[in-house]
Every structure is written in C-alpha cells, then in structure tokens.
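Have a look at the structure below before the remarks.
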Amino acid sequence: MQDYLFYIFSALTLLCGALIILSRNPINSAMFLVLSIASMAGLFVLLHAFFLAAVQVLVYAGAVMVLFLFVIMLLDLKVEQRRRINAFGAVTGLLAVGVIVWVMVTTMLGTSLPAVTEVLRHEGGTEPLGTLLFHQYVLPFEILSVLLLVAMVGAILLSKKDLK
Amino acid sequence: MEDHFIENLGWVALLLPLLSAVAITLGGPFGARRAAAKISIGAVALSFVASLILFLYLHLTGQPALAETSFPWLIIGKYGELNNLQFNLGLQLDTLSLVMMLVVTGVGLLIHIYSQGYLAGDPGYSRYFACLSLFTFSMLGIVLADNFLMMFIFWELVGISSYLLIGFWYHKPAAADACKKAFITNRIGDFGFLLGILLVWSVLGSVGFASLKLEAAHPNHFGPVATIAGLLIFCGAMGKSAQFPLHVWLPDAMEGPTPVSALIHAATMVAAGVYMLCRVYFLLSFPGSQALEIIGWIGGFTALLAALIAVQQNDIKRILAYSTLSQLGYMVMAVGSHGPTAAMYHLTTHAFFKALLFLGAGAVIHAMHHEQDIWQMGGLRKKLPVTFWTFLTGTLALCGVPFFSGFYSKDSILAQALKNGSYGLFIIGVLVAALTTFYMARLALVVFWGSARSSAAEHPHEAPGVMLWPLRILAVPSVIGGLLFIEATFEHFFAGGHGEAGTITWAEQLLEPLNASPAAALSGIFAIMVGGAFAGALYWKAASDPLPLRLGWFARAMRNRFYFDELYERVLIPATHELWSRIAQAIDRWIIGGLAVRGASGATEFAGRALRLVQSGSLQTYAFLLVAGVAAVIYCLLAR
Amino acid sequence: MLTYLIFLPLLTAVILCFVPRNYAFLMRLASLAATGVTMLLALAVFLRFDSAPLGPSSAYKFEQQLNWIRSLGISYHVGVDGVNVGLVLMGAIVAFAATCCAWEIRNREKEFYILLLIMTGGILCAFASLDLFLFYFAHELALVPTFIMIGVWGRGVDKNLATFQITLYLSIGALVALAGLIALYLRAGAQSFDLVTLTQYAAVHPMAVRDQNFIFPLLLVGFGILISLWPFHTWAPLGYGSAPTPTAMLHAGVLKKFGLYGLIRIALPLLPHAAQAWAGTIAWLCLGNIVYCGFVAMRQRDLNWLIGYSSVAHMGFIFLGIASLNIIGVTGAVLVMIAHGFLAALTFGLAGYLQHTTGTSDMDKMGGLLRRLPFLGGALLLALFAGCGLPGFANFAGEVTVFFGAWKQFPLITVLAVWAALVIGAVYMLRAIRSLLHGPVPERCAQTVEDSWPLRKLPYVLLLVPLLVFGVYPRLLTDKIWPGAETVLASVHPSEQPSPMPAVTPKSTPIHRAEAKP
Amino acid sequence: MSPVGPHHYLIVSGLLFSLGLLGVIMRRNLLVIYMCLELMLNAANLALVALSHFNGKLDGQIMVFFIITVAAAEVAVGLALIVALYRKRQTAHVEDLTSLKF
C-alpha cells in the first residue's frame, strides 16, 4: 500500500515539477509548484515526518505561494507571448542536468545505503522534534530568528517605493 | 732613534700636502681660506726639505735604499693560506723615488709660488691650492709607493686631482669638457693597469715591488704571460703619460690654469707613467717578454706624431702640450729600448725646462691679457726681458742645444737606442729632435721676435716678481741639469747598486755624450741645426704662417691633429659605448621593460579581457557554468 | 643590546600612533631622537664588537634568543658576527640620515614618520636576525611601508605606475624567496628555522644535492628580484625616481641589501653544492647588472634614473663577489654592500634635495650648481666620485677586493667588470657632474641658494664620513668581515684544495719590513 | 518490484532537483526561475527527510526545518528584490538584466 502511495506521490511531484517548467503562464507555474509541494508533503507523511509535512504545506502552499501570486499580480506579468527557444540555454541546460543526473546516479549506485527495516523508527511527530530543536539545536534556532528578522527588515526596505 | 726619524720623514713628506689640503678645505670658516696659499706652499716646502734630507742621508750613507716602512691596509684571510689577500701601504725610499720626489716637490714648490701671483684675485683661490696640495700628495704617493695597489690608488687620486684642476674654471664649457675627457681617457688606461696588476698578482702572488722582484729573479711561470702583463701595465702609463692612442686628453687639458699645466701636464703627473715603467722595469724586461719592444715603438710613434702636430699649432699652450707629448714619447721610447736610465734622466731634465717653458708661457699669457694665439703676439723680446731670457733658456734646453741640460738627456736616449740596436727608433728620435727644434724655434721667433701683431702685444706688462723668480730659479737647472750626475745616479740604481757612481769629473761630464756615443751626439746636433735652419728661414719676421701654403693638406692634417679627436668622437666612441648604450637602453625599454614586464602584465590583461567575454551578463550562462563546476566537484569527490 | 636597537624605533612608532597629528614637530623630534639613539647604539655595538664575548652558539656576539612559535621552531634570535655588524651600523646611520632628510615631507607627517620608524626597526631586525622566519618577517616589515610611502608621498607623474610596479615586483620576489625558505625548512629536516641550528644540522646531515639545486634557484630568483638582479631590475630606477627621498635612501641603501645578505647568510652555508653549481650563472648574470645597466645609465638624462641604474649596476659587483665563493670575494661583497649603502643613501638624498630646490630632476635643465650650492655640490661631487670607484672611498676598497676575489674564478667576467667599473662608471658619473655641477648656470637655477641650516647638511656629512673613513682604512671593516666570511664559506670549501697556481712562497714577503732594518 | 527504500527517494529527489535546475537554466522569467529554485530546495528536503527516516535519526528533519525557514526568508527577500528590480527596469526577464556584463 505504502509503496503504491509512494509511486503515486512521487509521480505527481515529478509531473508537477515538469509542468512548472513547461507552462507559459507564471500563474500556472505557481499553481503547479503548489501541487508539487503538496504531493511532496505526502511523501513526507510516508516517511513519518508528520510535522514537516504540515509545515511544508503551511509554509510553502500557504505563505510562499501567496507571496508569489501577489508578486505576479503586482507586476502584472503576462503570459509569455512567444516561446523563444533559447537554443544555448536548452542545450547547456540539458547537458548540465544530464551530467548532474549521471553523476548522481552513478554515485548512488556505487554506494550502499543503510538497510531499511532494522533501524528503530522514530516517529517524526511534533514532540521528539520539538525536544531536539529546543535542546540540541536551540542556538541555531535562535540565530534563525535573527535571520528572519533581518529578512523582514530587508524585504520591507527593498519594497519601499523610493528605492535609491 | 735617528733611523726612525729618517724613516718617518718619508711619511711626513707624503702626508704634509694632504694635511694642507684638508686644512684648507675644512678650515675655510677659520681663516684658512685666505691663508690657503701660505699653508699650501709651507706644506710643499717642508716636503721638499724632507725629501732633500732623505736624499742626502741616502747619498751620504751610501745605502741602495732605506728600509721600507709599511703597514697593512687591508688583510683578508690568514697569511700564507690560499685565498689570502694583503695590501700594504708602504714607502719605497730609494734613489729612484727620492730623485723623483725632489723633482715633484722642488718644481711643485716653485709652481706653488708662481700660482700665488698667477691666480691672485680668483674666486676659487683657496680651492685651487687645496687641489694643488691634493695633487702633490697623490703624486708623492705614486712616487713612494712600494706596491702596485698603493700605486694604483694614488694613480687614481692623481687622476682625480688632475680632473679637479683642469676643470678649475668649471663654468667654462670647454674646461668642463676637457676635464671629463682627461679623466675618462685616463680611466681607460687604468683599466689596463688594474688588469695588469690582477694578472701579476695571480701569477706571482704578490703586489709588492720588493717581493715581485725576488719572485721575478728566478725563473718561474711568469714567462708566458710576461708580454701581456707588461703591456697591460703599460696601458696605465699610456693613459697617464698620454701615449698614442690615449694621447688626446693632454692638449685639451690645457684648459686648466697655466701653472697647473706646468706642474701636472708637463713636469710631474704625465711623467708618472714613465716613472712607473722604470719602477717595474724588472717585470717589463723579464726574459722572453716582447713588451718593451712594443712599448718602444708606441713611444717613438707618439713622439713623431705629436711633434708633427706641434708644428702647426697656434695656441702657445697647445704647442707646449704637444711638445710634452712628444718628449713623453721620447722617454717611453727610451724605456722601450732598455734604457730606463735615459728615460729617468730625460724625465728629470724635462721636468725642469718644460715647467720653465709653461711658466714662461703663463707669464706671456698673463702679459697678453689671456691671449694665447701666437700670431697675435710678436716682438715681446724687449718688453718682457726676464720672461724672454728664461723662456729662451727653456727652449734651448728642450731643443737639446749642446751644454744645456736637454742635450745630455736627449743624447742619452739616442745613444741608448743605438746601443740597443733599435735603428728605427734612433731615426725617429733624430727626426723628432729636428722637428722639436723647428717648432720651438717657430714659437720663439713668432712670439718674441718680429713686430707686434695686435694691440695687446704692443703694451704687455711684465709679470710680478712672485711669478718671475720661479722662472729664474727654474732656468738654472735647465741649463746645468746635465752636469748634476743625474744619469750616473740612475745608472747606479738600475744596475742594482753595482755600477760605479760619481767617478767622473765635471769636465768629463761636460763632454760625456761625445765620448760615450759620438754618432748619437753628432746626429742630435745635426738635427738641431737642420730644424733651426728651416725655422729661421721660414719664420724670421714672418707675419703669418707660410707653412700651410707649402704643405697643403698635410699642414691641414697636422693642424687638425691628424683627426684623432674626430676619429674618437665620431667613430670610435659612437661605435662602442654610444652604440652599446643605445642598444642596452633599447633592450631595457623594449625587451625587458616592454616585452618581459609589459608582456607579463599584458598577458595577464589579455587573459582578463578574454575571460571578460565569458561575462555575458546572462544569468543562465552563469548558472550553467556553476552547474558544470558543481558537477566537476562532485565527480572528483564522489564518483571517481 | 641588539634588542634595544631593534625595538627602540618600533616602540617609538607605536607611541607616535597615539600622538595627535597636530604635533608634527614633536613627531619629527621624536623620530630623530629614536633613530639618533639607535645610531649611537649601533655604533657602540660596532666599536665593542671585538671585545664582546661570544654568545651561546659560539659564533655570534650580542646574541639573544626567545621562543616565538615553538611548534615550528621559530624563535626571536638575534646576534651579530663580522658579516652583519657593519651592515647593522650602516642601516642605523642611513636610517638616521633618512629621518633627517624627511623635512621635505609636508603632509601627513604622522603616518610618514610612523612608517619610517617601522622601516627602520624592520631593517635592523632583519640584519641582526639569526632565524629565517624572523629574517623574512622583518624584511616584510621594512618592505611594506615602502609601497605605501611611494604611493602616498611619491614624486613625479609616474608615481602610481611606480607603486604598482614596485609592489608587484617586490611582492613576487618576496613570495618566491618565501617559497624557497619554506622549502629549505622542509627539506633540511632540522625542524627549525633557526640559522644556527640549521647550519649545525646541515654540517652533519647535508641536504640532498637535488634538493639544493631546486631550492637555490628559488632563493636566487626571489632574492634576485629584491636586489634587482638583471633582468629583474626594471623596477628599481622607476621606483627610486618616484619614491620620496627618505624612502629612496632607505630602500636603495639598506633594504636592497637584504637579498644579498640572505644569499650570503642563508644560501651559501646551507646550500653549498648548489652555490657552487650556480656560481657561474650568477657571475654571468651580474655582468648584466654591471655592464648592461652601466650602458643604460649612460643614456639617462634624469638624475634619479641615472642614480637608480648606477645603483643597479653596483649590485653586480656584490653578486660577482658572492659568485667567486672565496673569502676575498665575499669579504669584498660585504664591503661593497656597506659602502654602497652609504653611497646610495647619499646620492638619493642629494638628488632629492636638488629636485626639491630646483624643481626638476632633468639634468639638461640644471648646470653650474657647484657655484650656487657649494656645500651640496661638493658633497654630490664626492658622492659621484665615490660612485665611479675612486680610491679613498669605501667603494673602491670593496670593488678592488671583489676583483681580486673573482679574478681567479672568472677572468673574462672580471675583465668586463673592471672595464665597466673604471670606464663606464666614470663616463656616466662624469656626465652627471658635467651637466649638473659644471658649465654655466641656466636661468632657472640662478636663484637657487643653499639652505644654511646645519641640520640640513648633517645627513650628508654623516653619510660621507663613514665612506671616507672606511675607504681610507678599510681594515676597520675587513678585519671583522673576513672571519665571518670564512665561517659562511666553511661548508662551501670543506677542505682547502691545493691551489691550481703554486702558492706564494712566504719567505720572500715578510709583512712588516719595518723591523728588518740593516 | 523491491520495497521502497532510500534509493527510491533519492532518485526522486535527484530527478526533482534536476528538473529545478533545468528550469533555472532554461526559463527566462525571473519568477519562474525563483520557483524552480524552491523546487530544488524541496528536492534537497526530500532527500534529507528520507535519509533521516531510514537512518533513524531526527537531525535530518531538523535540518529540513531550518531549510524551510531559510527558504521562506529567502523568498521574502528575493521577491522584494524582484519587485524593486521590476520597478527600476520594467522587466522580469533575465536577458534584459545584463548589467553584470563588463
């Protein structure tokens, strides 16, 4: 059952990912991104990362996407009129990606990953995660808050009308 | 105690002039500037007295030489080991050096006194005397040096003091150029000299004359390099004594004040080369060395060349300068025909009468308000009686008129050439004697006889006594120099102390040339008569020079010094140094500065420009390159 | 004692950092006092050298050692032997003279004096150091201020180019030398940068010949760039022409000698085989300096460039002395180093003064200055005479010694070098005299008058006096130098081979003949 | 078909990453490029979560948590930048943004 779910979700993720690139309209791209992310949340659930799945949906599908859509509407982006095929871009892109894929595949096939079932399964629930976060990783967590603050200040500053 | 006194007297004589130079230079603010002449004269007078005492002491005790006093100037390495080097400063007090010292200090003293009058009122009065003292010091250093290096040191110092004195009126471009030329020409000679010293040192292992003499006494490995070493050392003399082909500086050096010309460029410094050759004669005459022969011919050639040039010069000082050149060539010729005695003999007498001539010329120039062209003069016989008579004495001595000093010494050289079998040199010698008489008679006739050719010549004023007394005093040895047993003294010295000294009487001495070598003496007298007759025929009351008309291009060539200066300035120097320096400059600017340095920076810049093309500004290209890089890194790290 | 010597200027520099910049006069005074006391200390070291006891390592005097970076074997280790005691004295005197000449600096005095003092400290530390790392560190300490000084206080239109060029050149040189030193450290295997330790270690375990032959060229090129060895010399004239006078004096006089000093002190004892293998190459390269740069100098019309090239040319004699690899040559080389230090500082000081008074350094535009400036003209005359190797100046003693040392090894090269020293040198020096001092006075110089303030004259006197003293009596230096040179060369000639020429028979040449009276 | 193991997740993650990369390189709209960047980040997240799961350690998930946070901040700043850029240049296309060209 879980295996099937995995295949479904992963297929959905990849498909939506492909569609992000292929669709002309940025709004469509954004929508496919939401879908892709949502199905990835499904994969997270399969991996028992429940908290993360929730956060993924909340942050990406909720916050980030809204931001994207706002910007798209703010800038009033039109559908790309003609898809000028950037030959250089396409060739190099495919080439680069091909190389990366090849390297990754060969790497993965060449390494042995840990056996699956013997390992104790941690439930990726909120509680163990929170414990870990506020004990071992409390300092990065706090620093992250500063980062967010900085990002907020930066974003506000950048969006001010009279940008010098 | 007494011995110490005598030994240290040499140092005293050497250092007094230096002390005077330093005192005049540093003591300017304390009144030494005004007293410059007195300090300087005092120093050289004391030096003269010291030399005299030393000479008499040596003569009376009958020693060949006083013990050397030396102290190490520079020591490197342990003594006796390989790679050790030691230079001493020491004094060689023997007959040769003491007679030379007497000449230097004696003539020097008179010229110092003369200068006091000649330069009165010149703004550089004290500088002049400081330089003159420095010169006396350096010259005494050469004379007294007991090793090659010390001689070289003073050799250079003499060069620099000569430089300073020639360039005394440095604001005159001619003087400034002349001193430069003199110094550089001398430096070329010194180049050979230093190489010669290095060669001798590396083969014989020492630079001291005494030890070299011992080394050279027994057969050794010096033979193969003897010729080349001798010639290299001769290069030094070639520069200082202005032998062909380095003779060009001496006439130009006449830009200096006339007393300087008398002291340095007639009597003493230019004779240093000859003195040095005599000093190291044992090296030059080393068995198997061909050096002397070449030296003799160079000397003979110089003598002839300079005499020919002198015939057509019009500047009174230049005539004397070329005459000096010619006489120096004579001396070198004497050394070359194995006659250091004759060379030193002529050197001594020449110092007297040539100094006399120059000082006389100075008096004439002074009287003529610094006019030096002889064709502007004339009829000065009556107006400048003292100058005339002393100058005439000098002229007769220089020509070698019998019973004047020049007669004996010149005859000694001719006799030596005959004795040595160098008939070519003998003929040159006779020819030069005739030419000498010719141009000197021309000079005397034009200047002192005839009628005044310019307004300055009509109202000359005789020089003050301070200038005339040196003339009178110098005239005495110019006349009787041949009777002073100088030759015998030197003969005694060069024979290594084995010869018989002082056994002939005055009367014998008077007629000695005719006894010793009648052929030489008679041909010398004949040459004088011929030369004098020609000059008399041509220049007796002549208004202008008739010779150019008769000789045409040859006279022009003589007047233009056979174009040696032009040859050097337009061909030789451009072809060597100028060319090379241009090439070097071009290489420096274009190849090293341009190709290498700019090339390196240019290549960097070119690489930068080439890489700039990659900066298309297109984000995606950057991204691609980034990915390519990442892929490469991953590949290297993981998939290998 | 050496430590006081080194840290006095450095401490003063630190103190000056806290003085407000309005007190320029105070800073000048403090700098003068610091360098002056340093000079006196150096003089004391020099005079007391003979009687001073040997240090713990039994080869050096006034020795002092403190651990610095223990794990790498780096220590603060200073001491002097015959080779560097004269150099320390020279450095200190030149530093004081340069400080005296700094009056022409009229803006940002504070920074200038601080940099000058740092340079002084670095110079003295580098000469006294017996630790490779300390040597390099001190050298950089002295070198870096030069770049800043040329860039900020430089003269002339090419100042920026000069700064660029000198910075790049010398940094590259220093880097290559550093690579060489590190390679030396690694391959020597003594786990120490300490020179004494390294030398003792190398005596027992000599380095492989291959390693030596690899490291020596690194050091040669690195140091060669620093010393303007041909063909890495083009930075020198431009740099010196653009540098402010005190910087040019210190750099040309003292800083440039570090590379040579490094070759003598480091390369010869530690890499003896390579030194022998490369000696011929060095000798030929030095001809590039002596002859070629002499020729180039003949064509210069700018006084600073002329002096710059002539100083490059003089470096060649030092190289020749080092390449001859015998006591005579190396002693001569050290002698020339000291003499040229004074000389270069003197000539650059005078040239700076001339440029300052007449507003030009073009020799064609000057003339007859001996009449307008009797003292300075006289000093310049003497300096230029010294530059063409006149006896009586220390340069002559050094050059002649070098010739005597090199003659047996490289006769042909010596012939050319002698030619360059005697003739080419005379040609360009006299040309300078002719166009600067002799001849009529052109209009632009007609109003030039000499500064009567004695302090302006002091530095020149101070530099002339040692030149003359050591020139008249070089044993003051050579007696100290040659035992040091012998130690340095001990590993190059482990056993004295019999000479190819038969040795001099000592019986015929007693030294003091004064006693042997009849 | 073998049971789903770490390999599968990693392959999916890799493919997703490649897709994102392809988009970054090929697309010209800045916003879309930005979305593709997000996709790549998510691919990494997936790999991290999967390995965390199969290794039995939670640290991977903590990492993902941080990544999400940083990504959110990044999106905020990035979009602000794009807006500012658009105001200045009236374009959101990369080929118009060549001021990096020397």
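Mind checking which residues of region C:370-406 are touching a residue at least 24 places away in the same chain (Cβ under 8 Å), within 11 Å of another protein chain (Cβ to nearest Cβ) and outside any helix (DSSP H, G or I)? Residues satisfying the conditions are C:Cys388, C:Gly389, C:Pro391, C:Gly392, C:Phe393. Can you find even one residue in region B:131-138 that is out of contact with any Phe, Trp or Tyr (no Cβ under 8 Å at 6 or more places or on another chain) and among the aliphatic types (A, V, I, L, M)? Yes, region B:131-138 contains at least one residue that is out of contact with any Phe, Trp or Tyr (no Cβ under 8 Å at 6 or more places or on another chain) and among the aliphatic types (A, V, I, L, M). Quickly run through region C:427-441 and pick out the residues that are within 27 Å of the chain's Cα centre (by Cα) and over 16 Å from B:Ile166 (Cα atoms). Selection gives C:Val427, C:Tyr428, C:Met429, C:Ala432, C:Leu436. I'd like to know if region C:66-83 contains one or more residues that are modelled with pLDDT of 85 or more and in a helix (DSSP H, G or I). Within region C:66-83, one or more residues are modelled with pLDDT of 85 or more and in a helix (DSSP H, G or I). Contact map, region C:349-363: residues that are farther than 17 Å from C:Met249 by Cβ paired with residues that are among the charged types (D, E, K, R), Cβ distance under 7 Å, separation 6+ or inter-chain. Pairs shown: C:Thr358/C:Arg444; C:Asp362/C:Arg301; C:Asp362/C:Asp302; C:Met363/C:Arg301; C:Met363/C:Asp302.
Of the residues in region B:162-171, how many are in contact (Cβ under 8 Å) with a residue 60 or more places away in the chain and buried (at least 24 other Cβ atoms within 10 Å of the Cβ)? Reasoning before the result, please.
Within region B:162-171, the subset in contact (Cβ under 8 Å) with a residue 60 or more places away in the chain is B:162, B:165-169.
Cutting the leftovers down to buried (at least 24 other Cβ atoms within 10 Å of the Cβ) gives us B:162, B:165-167.
The qualifying residues number 4.
In region D:12-32, the qualifying residues are those that are more than 7 Å from chain A (Cβ to nearest Cβ) and farther than 19 Å from D:Gly78 by Cα, and the one that is surrounded by the fewest Cβ atoms within 10 Å (Cβ to Cβ) is D:Phe17.
Residues checked against (1) modelled with pLDDT under 75; (2) part of a helix (DSSP H, G or I); (3) loosely packed, with under 14 Cβ neighbours inside 10 Å; (4) on the phi < 0 side of the Ramachandran plot:
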residue	(1), (2), (3), (4)
B:Ala527	no, yes, no, yes
B:Gly532	no, yes, no, yes
B:Ala535	no, yes, no, yes
B:Arg556	yes, yes, yes, yes
B:Tyr563	yes, yes, yes, no
B:Glu578	yes, yes, no, yes
B:Gln585	no, yes, no, yes
B:Trp590	yes, yes, yes, yes
B:Phe606	no, yes, yes, yes
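Counting only helices (runs of 4 or more DSSP H) that sit completely within region B:240-317, those holding 1 or more residues that are of a type in the set (Gly, Ala, Ser), buried (at least 22 other Cβ atoms within 10 Å of the Cβ) and under 12 Å from the mean Cα position of the chain (by Cα) correspond to B:258-262, B:269-279. With respect to the conditions (1) closer than 17 Å to A:Ser36 by Cβ; (2) within 14 Å of chain B (Cβ to nearest Cβ), D:Ile82 lacks only one, and its number is (1).
Can you name the helices (runs of 4 or more DSSP H) wholly within region C:267-327 that have at least 3 residues being at pLDDT 85 or above and surrounded by fewer than 24 Cβ atoms within 10 Å (Cβ to Cβ)?
Here the list reads C:272-287.
Sort out which residues of region B:124-162 are in contact with an Asp or Glu (Cβ under 9 Å, 6 or more places away or on another chain) and in a helix (DSSP H, G or I), and write them in order of number. Step through it out loud before you land on a result.
First, the residues of region B:124-162 that are in contact with an Asp or Glu (Cβ under 9 Å, 6 or more places away or on another chain): B:128, B:138, B:146, B:152, B:155-156, B:159.
B:Tyr128, B:Ser138, B:Phe152, B:Trp155, B:Glu156, B:Gly159, listed by residue number.
Only one of the numbered conditions (1) at pLDDT 85 or above; (2) touching a strand residue (DSSP E or B) at 6+ places or on another chain (Cβ under 6 Å) is not met by B:Met333, and that is (2).
Taken together, C:Ile74, C:Ile93 contain a single residue that is closer than 18 Å to C:Gly122 by Cβ and surrounded by fewer than 23 Cβ atoms within 10 Å (Cβ to Cβ), which is C:Ile74.
Scanning region C:4-32 for residues being without any contact (Cβ under 8 Å) to a residue 12 or more places away in the chain and either aromatic (Phe, Trp, Tyr) or at positive phi (or both) gives a total of 3. If the condition is being in contact (Cβ under 8 Å) with a residue 60 or more places away in the chain and more than 9 Å from every other protein chain (Cβ to nearest Cβ), then region A:31-73 contributes only A:Phe50.
Only one entry of A:Glu127, A:Glu142, A:Glu123 meets the criterion of being under 25 Å from the mean Cα position of the chain (by Cα), more than 9 Å from every other protein chain (Cβ to nearest Cβ), surrounded by fewer than 12 Cβ atoms within 10 Å (Cβ to Cβ) and at pLDDT below 85, and that entry is A:Glu127. Would you confirm whether any residue within region C:407-425 is closer than 25 Å to B:Phe87 by Cβ, at the interface with another protein chain (Cβ under 10 Å from one of its Cβ atoms) and part of a loop (DSSP other than H, G, I, E, B)? So far as region C:407-425 goes, yes, one or more of its residues are closer than 25 Å to B:Phe87 by Cβ, at the interface with another protein chain (Cβ under 10 Å from one of its Cβ atoms) and part of a loop (DSSP other than H, G, I, E, B). Exactly one residue among B:Ala519, B:Ala507 is more than 31 Å from the chain's Cα centre (by Cα), exposed (fewer than 12 other Cβ atoms within 10 Å of the Cβ) and at pLDDT 70 or above, and that residue is B:Ala519.
The values are calculated or read from the model by the stated rules, or taken from the named source; none is laboratory data. Predicted, not measured: the structure shown is a model, and the values here were computed from it. In this analysis, Cβ positions are derived from the backbone assuming ideal geometry, glycine residues included, and neighbour counts consider all displayed protein chains.
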